[in-house]
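Visitor: Have a look at the structure that comes next, please.
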Amino acid sequence: MRKTSILSLVGLLAVALCNHVNATACPAHTTETLRIRESTLCLLVDDPTPSRRQLVRTWVARSANIVADYYGRFPAPLVVLSLQSMEGGGVGGGRTTNDLGLVIQVRIGREATSDALSDDWVLVHEMVHLALPEVGRQHNWLAEGLATYVEGVARAQFGNREITDVWAEYRRSMPMGLPRNGEGGMDQTPTWGRTYWGGALYCLQADIAIREQTGNRIGLQTALRAILEQTGGYGFERDIDEVFHIGDAATGTRVLDDLYLQIKTVSQTPDLDLLWSRLGVPKDPKTQPFDDHAPLAAIRIAITAPRKS
Ligand SMILES: [Zn+2]
């Protein structure tokens, strides 16, 4: 989730003002600073006991490295992470804002264990938001779709998430992104399902199409790295058409633009059962084997293949 709102602007004024005044330094009340590649992560932890700090530091560093590996670098030079405690053992909803500086807010359960934080998707999702420029509320499906799709792929590549788990979630959840009766194109239908999983389906379809057109040499990841490099990411505003042109130029295709033209104002219902069959994804990848002889099996394998270290 990411949003820019008056409420969050008021709530984060103290944090963001410092960031705004000096975008290369952490706010004064930072409890810990992490360096990830060339980037600075300013941690604001409200329970700074040593054991808690260690737990949080490990979780933040791992999440940041997952995203940095996917994009070739961490997608912002400096970001503030406001990490507040809550009841329970889970990770609460996160959000990423850019009111006066880049801030990620996430709540962590006081009983959260290192295993629970290792399974967390929220922080990776929020950090992926940093890699796409502001493209406008009408196109929020692209921001949320990318964060939803890349979270699974990037964690699988890093070895932080089972490949079977990623495809099981895609198969289970992508149908939520299909249009219902009477719904319009992606730019006209800001429902939760279309925004998150409709956007993720766009990303999967784009990844497959780029790989089909490039002999499976490169995919969506190449396009997204170029978009980050040439726009600077979430700290900047760009027209969505410009973003897609940058991505397409990087892959030597017209996939992002063509696919967008097909779905922006017209509802499309791709045959998902056929898609899973062509990829060789079984109904329940947690208990059934993938079909490695399916026509698009090599592409499915390439998308979530663990990174060679
Ligand atoms: Zn999000």
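Visitor: If the only charges are +1 at each Lys and Arg Cβ and -1 at each Asp and Glu Cβ, what is the size of the charge dipole of the chain around the Cα centre, to the nearest 20 debye?
Guide: For this selection, approximately 460 debye.
Visitor: Simple spin-label model, 7 Å along Cα-to-Cβ: residue 54 to residue 307 in nm?
Guide: Each label point lies 7 Å from its Cα, and together they span 2.6 nm.
Visitor: Which parts of region 266-292 would a label at residue 173 reach, counting a residue when its backbone N lies under 17 Å from a point 7 Å out along Cα-to-Cβ?
Guide: 284-286
Visitor: Could you state the per residue volume, in Å³, of the convex hull enclosing the Cα atoms of region 137-304?
Guide: On the way: hull volume 18.5 nm³, N = 168.
Taking only Cα atoms, region 137-304 has a hull volume of 110 Å³ per residue.
Visitor: Could you state the principal axis extents of the C-alpha atoms in region 46-113, from the largest down, to the nearest angstrom?
Guide: Here the spans come out as 33, 26, 19 Å, largest first.
Visitor: How long are the semi-axes of the ellipsoid equivalent to region 137-213, from square roots of 5 times the Cα gyration tensor eigenvalues, in whole Å, largest first?
Guide: 23, 13, 12
Visitor: State the three equivalent ellipsoid semi-axes of region 33-167, derived from the C-alpha gyration tensor as the square roots of 5 times its eigenvalues, in descending order and whole Å.
Guide: Numbers: eigenvalues 94, 65, 44 Å².
For region 33-167, the semi-axes come out at 22, 18, 15 Å.
Visitor: So, one more: Sum up the charges of everything whose Cβ sits under 10 Å from the Cβ of residue 81, counting Lys and Arg as +1 and Asp and Glu as -1, but leave residue 81 out.
Guide: Spelling it out: positives minus negatives among the neighbours equals -2.
Visitor: Project the alpha carbons of the chain onto their principal axes and report the range along each, largest first, in whole Å.
Guide: Extents along the principal axes: 54, 41, 38 Å.
Visitor: Treating cross-link reach as a plain straight distance, find the aspartates and glutamates whose alpha-carbon is under 18 Å from the alpha-carbon of residue 286, omitting any fewer than eight places away in the same chain.
Guide: 119, 162, 165, 169, 273
Visitor: Once you list every other residue whose beta carbon is under 11 Å from the beta carbon of residue 190, what net charge do they have if Lys and Arg are +1 and Asp and Glu are -1?
Guide: It works out to a net charge of -1.
Visitor: Using 7 Å Cα-to-Cβ label points, what is the residue 183/residue 69 separation (nm, one decimal)?
Guide: 3.3
Visitor: Arrange the peptides 150-161, 88-99 so that the one whose residues have, on average, the most other Cβ atoms within 10 Å appears first.
Guide: So the order, starting with the most tightly packed, is 150-161, 88-99.
Visitor: Along the charge dipole of region 173-309, Cβ charges K/R +1 and D/E -1, which of 199, 236, 222 sits furthest on the positive end?
Guide: 222
Each reported figure results from applying straightforward, stated rules to the coordinates on display, with no laboratory input. Being a predicted model, the structure only gives us computed values, none of them experimental. We place every Cβ from the backbone using ideal geometry, glycine too, and count neighbours over all the protein chains shown.
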